[in-house]
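These notes are about the structure you will find just below.
The values are calculated or read from the model by the stated rules, or taken from the named source; none is laboratory data. Remember, predicted model here, so these are calculated numbers, not experimental data. Here the Cβ is made from the backbone with ideal geometry for all residues, glycine too, and neighbour counts use every protein chain on show.
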There are 2 protein chains.
Amino acid sequence: METRDAENWPDAAAPPATTPTDRVRERLLRAVLEQRLPPGAKLTEDEIAGLCGVSRTVVRAALQALSHDGVVVLERHRGAFVAAPSPQSAREVFEARALLEPAVARAAARHADAEALARLARHIEAEHAALEAGELGRAVHLSGRFHLVIAEMSRHQTIAALLGGLIARSALVLALYARLPDTLCERHAHGALLAALTARDADAAEAAMRRHLADLLAGLDLAPRAPSKPDLARALSTG
Amino acid sequence: METRDAENWPDAAAPPATTPTDRVRERLLRAVLEQRLPPGAKLTEDEIAGLCGVSRTVVRAALQALSHDGVVVLERHRGAFVAAPSPQSAREVFEARALLEPAVARAAARHADAEALARLARHIEAEHAALEAGELGRAVHLSGRFHLVIAEMSRHQTIAALLGGLIARSALVLALYARLPDTLCERHAHGALLAALTARDADAAEAAMRRHLADLLAGLDLAPRAPSKPDLARALSTG
DNA sequence: CAAGAAAAATTTGTGTACAATATTGCGGCA
DNA sequence: TGCCGCAATATTGTACACAAATTTTTCTTG
């Protein structure tokens, strides 16, 4: 985390980030979504404040905002941690997405314009590039943003905002429970979505989205692992 | 707003509210939902801080949390205001609910237990009582909580959290756009929902919820009124 | 030497002070 | 008289300081 990051973004989905709180929030969110901060990581206020060159006040505000999206969890008098969704939570997140996103895809197909479609195409390119470069975390992040761009295309600001949080949590879920780097699957699914949207075929877009989400959920391994703390306790008791 | 309020609640849906920030948030939320603070009202930090006996720090945190749910809007260097959803926003809120709540009702039917059903029944009683007493705002608030209780019954914590914000905004939408005090409609619809849940009839619960939400949306008058600021501008230009 | 308790250190929670900015009221000027 | 610019006021944004709580370390004791 340096003071200034001018990495190449596939598009202007995260433009200037005007307020300091938003800047810190964006940076933390990106670090989490690109898996540079693993689930469960402690987020010390002073440390972040020092790193970002702001006071704890704004860091606290950013952490609160992130906690509201379920990306970090705040434990009173203990601090902020990157969320580590339980298998139950993971299922719920994808269930919620399965309820919202097919309708979003349908609406996006209606409002698809050339510029937005170009953005989506560039996004797929960027995902592909990240995978080629072996930057798995970055690829997951970009994959999430792909869905968010579709949500923005749908012009449903309210639902898009809800999906923002759900998609962010999905990145954490993938970090914890992905069975294996489902690379080609992703790429093909997003391609199919883009094709349906380009054809303005609402039925196809909805179907593609539904299938894609089902595939994502099916690609998870939600039984075995357990959260770190109970895991330790049980491991020692049985050992 | 006094320092201590021990009004009668239909159930323990809002239990102790342990932290000061949560207490302030709850109080503000209730004031908004019961329409004691109308849409557009200015929420001055110092005023709230004095009234609640806390510092601006916790008031700010509470306002931020509420803004994330769309109940208040924060304008930089201008302050916090009770949200006044645009007709477009209003539609979106109910669209989002229409996507989530039928599934929630279905799940709630599966998990319905005697205690939860009793809570719902008491809720309907309280709604009725509020309407009889002419406390319209309180009735709207209770009506919203009825839906939230169903969401909790469904055991989908993630979706329930999303619905919390949507339902709160719905109260604002009703305050702004309700065609008329749709009293009997509400009462009947909630009764039908409770009946379906009691019978553990998932199909009936889903259908009742779908119909209820459609009725609510149909009961809105989303064309004429406009938000306060554009309203003024246009009113003066046409006059 | 291990286990428990006390104390030190770290970290979060809250209040307060000051700086930045928007709004409001006043006075000068065409 | 009406309008523009400027000072006064009020409110928010941020930093900092202290209080409360937790975690870690250390010291005592069986």
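Annotations for the structure displayed:
- Count of region A:53-73 residues which are within 13 Å of DNA strand D (Cβ to nearest atom) and buried (at least 18 other Cβ atoms within 10 Å of the Cβ): 7
- Residue pairs whose Cβ atoms lie under 8 Å apart, sitting 6 or more positions apart in sequence or on different chains, and linking a residue in region A:70-90 that is more than 10 Å from every other protein chain (Cβ to nearest Cβ) and at positive phi to a partner that is within 16 Å of DNA strand D (Cβ to nearest atom) and not acidic (D, E), are A:G79/A:K42; A:G79/A:L43; A:G79/A:T44.
- Lone qualifier among A:R110, A:R97 - being over 21 Å from the mean Cα position of the chain (by Cα), within 14 Å of chain B (Cβ to nearest Cβ), away from DNA strand C (no atom under 12 Å from the Cβ) and closer than 28 Å to A:L193 by Cβ: A:R110
- Condition met for B:G50 (at positive phi, assigned by TED's automatic domain parsing to the domain that holds B:L28 and more than 9 Å from DNA strand D (Cβ to nearest atom)): no
- Every pair of residues 6+ apart whose Cβ atoms lie under 6 Å, when the first sits in region A:105-127 and is surrounded by 19 or more Cβ atoms within 10 Å (Cβ to Cβ) while the second is part of a helix (DSSP H, G or I) and of a type outside the set (A, V, I, L, M): A:A105/A:E206; A:R106/A:E206; A:H123/A:F146; A:I124/A:H190; A:E127/A:S143
- Enumeration of residues in region B:37-69 that are within 13 Å of DNA strand C (Cβ to nearest atom) and within 12 Å of chain A (Cβ to nearest Cβ): B:R56, B:T57, B:V58, B:R60, B:A61, B:A62, B:Q64, B:A65
- Helices (runs of 4 or more DSSP H) fully within region B:142-224 counting 2 or more residues that are surrounded by fewer than 22 Cβ atoms within 10 Å (Cβ to Cβ) and over 17 Å from the mean Cα position of the chain (by Cα): B:183-198, B:202-218
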